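Working notes, structure below.
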Amino acid sequence: MRKRGVLIISHGSREQAWVDLVDEAIHQLPLRGDLPVAASFLELVEGRLIQDGIDRLEGQGVTDILVIPLFVSSGSTHVNEIAYALGVLDAPSFDSDLEPFRVGATIHYGSPIEHGPYVAEMLWDKIRPVSREPEREVLVLIGHGSSYESFRKRWEEGLRRLADQVREIGGFACSDVALLRPDNVREKVAYWQKDRGMQVIAAPLFLSEGYFIREVIPKRLEGLSYLYPGKALLPHPLLTAWIDQQVQDWLKVE
């Protein structure tokens, strides 16, 4: 007999506060009868890795698993390698060392966060406190990026769509995107600030706060004038709504 379950996968961190924010968003999901839900991490969280989540769900008799990759871009190499390790792809698109998982259930691979109304509203809520005169401001949305060209293009495409959505919500004069890999963050912010004479809002796009938001981005922008919300998507109730929407859409499919 068919039994469904949900496996939500994020990167993981050595910082317990990072893990707690992810767990809290998942714990807020509406109860749906006996639908089992497991939260797992790609690395760094012992006892809660992806194989642990698979085993937990299959141990409850789950035969069909919706996997939701809790990453902010389809350009993330992790989204690709996890799909491969779960048997969704025949091979990764780069040289990954992630070994295939032991899985007997049928895997249904969901979508990363990337863009859309929920994501745009979450990001705008984080940016709004630092915006002063949006009609004179440019939003520069900063993502992690990738050293692989094909993945970098996906990062840029997703960020541009999201930046345009947030620009419309916030009424900004214009929007742009920048990546940490390959690094063009300082170049983009300096262009808008110095060459174009505009007030820049440098907004990071990360799931949960950590090293990149607190240290990497500010260091790369040292000496420049900009507004910095310095906030990740979490915590935010709309992330739970975004996860729940994927679950609802999947449950409707027979």
Is it the case, given these coordinates, that Trp242 is within 22 Å of the chain's Cα centre (by Cα), aromatic (Phe, Trp, Tyr), surrounded by 15 or more Cβ atoms within 10 Å (Cβ to Cβ) and within 17 Å of Glu121 (Cα to Cα)?
yes
Count of residues meeting criterion [of a type outside the set (D, E, K, R), assigned to a helix (DSSP H, G or I) and farther than 29 Å from Gln199 by Cβ] in segment 227-254
11
Residues (open to solvent by 10 Å² or more (accessible area, probe 1.4 Å) and in contact (Cβ under 8 Å) with a residue 12 or more places away in the chain) located in segment 195-207:
Arg196, Met198, Gln199, Phe206, Leu207
For residues that are small (Gly, Ala, Ser) and more than 18 Å from the chain's Cα centre (by Cα), scanning just segment 39-54, find the one that is least open to solvent (accessible area, probe 1.4 Å).
Gly53
Residue tally, condition open to solvent by 80 Å² or more (accessible area, probe 1.4 Å) and either more than 16 Å from Ala241 (Cβ to Cβ) or assigned to a helix (DSSP H, G or I) (or both), over segment 18-32:
2
Hits in segment 162-182 - residues which are at pLDDT 95 or above and part of a loop (DSSP other than H, G, I, E, B)
Gly171, Phe172, Ala173
Qualifying positions in segment 174-194 - in contact with a helix residue (DSSP H, G or I) (Cβ under 6 Å, 6 or more places away or on another chain) and open to solvent by 50 Å² or more (accessible area, probe 1.4 Å):
Arg186
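The values are calculated or read from the model by the stated rules, or taken from the named source; none is laboratory data. None of these values were measured; they are calculated from a predicted model. We place every Cβ from the backbone using ideal geometry, glycine too, and count neighbours over all the protein chains shown. Heavy atoms of the whole protein, side chains included, go into the accessibility calculation; ligands, DNA and RNA do not. Shrake-Rupley method; radii C 1.70, N 1.55, O 1.52, S 1.80 Å.
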